[in-house]
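Visitor: Before I ask anything, here is the structure I am working with.
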Amino acid sequence: MKKRIFVAVIALVLLFCTVGCKPNILEKPSDEFDVSLSVPSDITETLTLMIPNNDGDVERNYIMSLVPGFKELYPNVTIKFDARTISDEKYSESVSAAIASKNVPDLFWTNTLFYYYLIAKNCVVSLEPYYAAEATAGTLDLEGEYYEAFFDMSTYEDKRYIVPRSMDSVVTYYNTELLTAAGIDYKNDPRMTNNWTWENLMSLCQQVSDFIQSEEGKALGYGNCYALQPEFSWEAVFNPVMLAYGSEVFAENGDVAIDSAETLEMANMIRGLKENGRVLRDSTSGSTFTNGKVAFHFSSSGPAKMDLNSQISGKFDALPFPLIGETPKIGCGFVGYGISSTTQGVKRDLAWQFLKYMISKKGQMELINGGLATPSIRVDLAEEKEWSKGFQNLNLDAWLVGENYKVCSNFYMKHDPSCSFDTLNALQKFMNALTDGTKSVQKCIDECKSDLQEAISK
Amino acid sequence: MMTNAKLKKKLKNSVDGWLFVLPMTIGICMFTMLPIVQSLYYSLFDYDVTSKFDFVGLGNYIKVFTDSQMPKIVGNTLLFAVVNIPAVMVGSYLLALLLNVQLKGIKVFRVLYYLPCVLPSIVGGIVWSYIMRYNVETPGLFNQFLSKLGLPMSQFFYAEDVTALLSIVLMNMWGLGGGTIIWLAQFKNIPKQLYEVAEIDGASAVRKFFSITLPMSTPMIFYNIITTFIVTLQFNGTLTFAPNGGLGNNNATYTYGLKIYHEAFRRYNMGYACALAWVLVIVMGILTSVLFMTNKWVQYDD
């Protein structure tokens, strides 16, 4: 009797595993499907958006600001949130958990770093059918009204997958009070223009560094300050620096190419900064730009967000990312949404309508009024500086100039998305090691090569 | 053969018992047996949780033995086991001997030594990452102490060599209280008459320890060796404090348990992670069998 029960239980478990527990897998969605741009306004439906739950409700507030306007168009549509932890390490976990539990949202939040994962894992559909339909109907002029490059950034195999809600661009913030104390006339200094170069930045850093190490600087309380907080381990900074030096992470065939003469040159430059005592490795020492202890800082935050830091409030301005060499690059990216491959038919058309509303002039204004502090992807709103009310006296062009130089980080697309985290980790470790200064530059490069080879070995 | 009537009667009489064990049976089936069988099933597939579930047969198992990271990982795991198991065993045993003496207020010490075991491991990780912090500007407690003594600072688990693993062994000493409780329970089970007889015979404290306490503890020593051995091979505690997502600098703290976690939840190679887990089960099974075959030194009777 006991044996029979035992065998029956085992048989049931095996049956359950092999049949009942076959995991939920997303098939590759078709790139061609019928779309309709005229969704009935009386449609009753719920759209679920996956958003971050670890950003202090910033994204939720942005989207909530869109809801009243969207409900004017579709009064019976409910916007629901699926808030999950989103970080470099947790994004894939959050997406996987949603799929494995069959709670797939209709719209996935993503940015420059994560969209490749969504595409490669069959999570989002190509938006080309919608772009084609809109172009035919003449209802969406990407070329004329938008910074089209940000729509193209999510291109994979010649198809675009993500609609950006805003654009990010790395700029150089500077502390006006600290520069003034160091004797730099930041308003008239010929080195500080929207065309400034890396050499200009280095020259200014040297001047600041000399000041803070001088007896006068120490007496005035600037002894624990730094010239530059570069955030070299942030891919939006190290990627353009590497590219400007001609350094590549992977070769065209996918092999690790970090051990090049160009990388060595770049690494020596960063090590030189460290050895001259001008670079703050990270924020662990307590001296940061946001607490007023650093002269220059690379960041993509909008001025409104930067002004929230009381120690720097009202004492900063910005310049573009400095141009390096003959092929300068500026790090940039987007934040946006993709439509889930599991959302189909009229609901998918409705999701598209939501995205289209998000990038409309009205939608973008609502996002701005809802607190969006980075430039709009609409040319008119960006150039009119509508996106940063109260800060129009600052150099807001810093975010907009140099469009030809802008690049997003896509080096990890040469390999499977499951390698992305380890690839990024290897490069962050490399940049930190360069600014730590405890190992020789060549050893840092050798270790990075080894780490990258491990990262892509599947 | 049991007749139907007898079977019905037996079932009727035991229905209460069945009802009592039913919740536990369901729980074990759902949360223990099902995942075990499921992981065996998944280990035969290239499964990435979202978009891939392709049958690969023994491909994942072959990969375990051809993975280029394996020599380093197995080396780290073995080194950790070789140092950690004796350190934990001897440390907790000596601590138990100290806490077994009859002193006023000894219970307070017992509680204090057990306290770290009730703290969440993540709290312990954070505390120890502060204590062992290697930063020239703001060194951790240990490095401040070393500096005061005029000694060079240590990188502890930020090091790229064996120092990182040894730091984790040192950190594990914090949780000795858990093993100590088991030893104390065993000491209480040793008949007092044995000590009384030894005292009448004029045995010294050392003689009593080697002739009574130690031999009488061997069943528990054996149990502790096996459990510590299993826990050590599965160890992935570095996740909470070591650099590079727990791998350490230059993979200095990359152990087998961490490899399973890394493949499952960082790279989403769920099939491969399941195969890694099953290989570990088999290895642990073989080594535990070896331990059982060589347990003649264990004294199960008085």
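The values are calculated or read from the model by the stated rules, or taken from the named source; none is laboratory data. Remember, it's a predicted structure, so these values are computed and weren't measured experimentally. Every residue, glycine among them, receives a Cβ derived from its backbone with ideal geometry; neighbour counts consider all protein chains shown. These accessible areas exclude ligands, DNA and RNA; they are computed on the full protein's heavy atoms, side chains included. Shrake-Rupley method; radii C 1.70, N 1.55, O 1.52, S 1.80 Å.
Visitor: Could you please let me know if B:T32 is over 27 Å from B:F157 (Cα atoms), β-branched (V, I, T), open to solvent by less than 90 Å² (accessible area, probe 1.4 Å) and within 12 Å of another protein chain (Cβ to nearest Cβ)?
Guide: For B:T32, the condition - over 27 Å from B:F157 (Cα atoms), β-branched (V, I, T), open to solvent by less than 90 Å² (accessible area, probe 1.4 Å) and within 12 Å of another protein chain (Cβ to nearest Cβ) - is met.
Visitor: Mind checking whether some residue in the stretch A:13-35 is touching a strand residue (DSSP E or B) at 6+ places or on another chain (Cβ under 7 Å) and more than 14 Å from chain B (Cβ to nearest Cβ)?
Guide: Yes: one or more hits.
Visitor: Same structure, new question: Restricting attention to the stretch B:121-130, does a residue exist that is more than 30 Å from A:A98 (Cβ to Cβ), within 14 Å of chain A (Cβ to nearest Cβ) and outside any loop (DSSP other than H, G, I, E, B)?
Guide: Yes, the conditions are met somewhere in the stretch B:121-130.
Visitor: Looking at B:A273, B:A203, B:A185, can you tell me which residue is surrounded by fewer than 20 Cβ atoms within 10 Å (Cβ to Cβ), without any contact (Cβ under 8 Å) to a residue 40 or more places away in the chain and in a helix (DSSP H, G or I)?
Guide: Answer to the check: B:A185.
Residue by residue, here is whether (1) in a loop (DSSP other than H, G, I, E, B); (2) of a type in the set (D, E); (3) touching a strand residue (DSSP E or B) at 6+ places or on another chain (Cβ under 7 Å); (4) open to solvent by less than 10 Å² (accessible area, probe 1.4 Å) holds:
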| site | (1), (2), (3), (4) |
| --- | --- |
| A:R165 | no, no, yes, no |
| A:Y173 | no, no, yes, yes |
| A:E177 | no, yes, no, no |
| A:R191 | yes, no, no, no |
| A:L201 | no, no, yes, yes |
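Visitor: Looking at the stretch A:93-118, which of its residues are away from every other protein chain (no Cβ under 11 Å), within 24 Å of A:C408 (Cβ to Cβ) and either of a type in the set (V, I, T) or touching a residue at least 40 places away in the same chain (Cβ under 8 Å) (or both)?
Guide: Residues satisfying the conditions are A:S94, A:P105, A:L107, A:F108, A:W109, A:T110, A:N111, A:T112, A:L113, A:Y115, A:Y116.
Visitor: Would you pick out the residues in the stretch B:39-50 that are open to solvent by less than 30 Å² (accessible area, probe 1.4 Å) and not in a helix (DSSP H, G or I)?
Guide: Residues satisfying the conditions are B:S43, B:F45, B:Y47, B:D48, B:V49, B:T50.
For every residue, the table says whether it meets (1) modelled with pLDDT of 90 or more; (2) surrounded by fewer than 18 Cβ atoms within 10 Å (Cβ to Cβ); (3) closer than 29 Å to B:N250 by Cα.
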residue	(1), (2), (3)
B:N60	yes, no, yes
B:T66	yes, yes, yes
B:I85	yes, no, yes
B:S92	yes, no, no
B:V108	no, yes, no
B:C117	no, yes, no
B:I126	no, yes, yes
B:Y130	no, yes, yes
B:S147	no, yes, yes
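Visitor: Also, quick follow-up: Working only within the stretch A:53-92, note down all residues that are farther than 21 Å from A:S360 by Cα, more than 14 Å from chain B (Cβ to nearest Cβ) and surrounded by 21 or more Cβ atoms within 10 Å (Cβ to Cβ).
Guide: Passing the criteria: only A:I86.
Visitor: Could you list all residues from the stretch A:218-238 that are part of a helix (DSSP H, G or I) and either touching a helix residue (DSSP H, G or I) at 6+ places or on another chain (Cβ under 7 Å) or open to solvent by 10 Å² or more (accessible area, probe 1.4 Å) (or both)?
Guide: Residues satisfying the conditions are A:K218, A:A219, A:E235, A:A236, A:F238.
Visitor: Follow-up question, since we're still on this one. Can you report the number of residues in the stretch A:298-323 which are within 19 Å of the chain's Cα centre (by Cα) and open to solvent by 20 Å² or more (accessible area, probe 1.4 Å)?
Guide: Counting residues in the stretch A:298-323 that are within 19 Å of the chain's Cα centre (by Cα) and open to solvent by 20 Å² or more (accessible area, probe 1.4 Å) gives 4.
Visitor: Just the residues that are under 26 Å from B:P120 (Cβ atoms) and over 19 Å from the mean Cα position of the chain (by Cα), please, taken from the stretch B:237-261.
Guide: Of everything in the stretch B:237-261, those that are under 26 Å from B:P120 (Cβ atoms) and over 19 Å from the mean Cα position of the chain (by Cα) turn out to be B:P243, B:N244, B:G245, B:G248, B:N249, B:A252.
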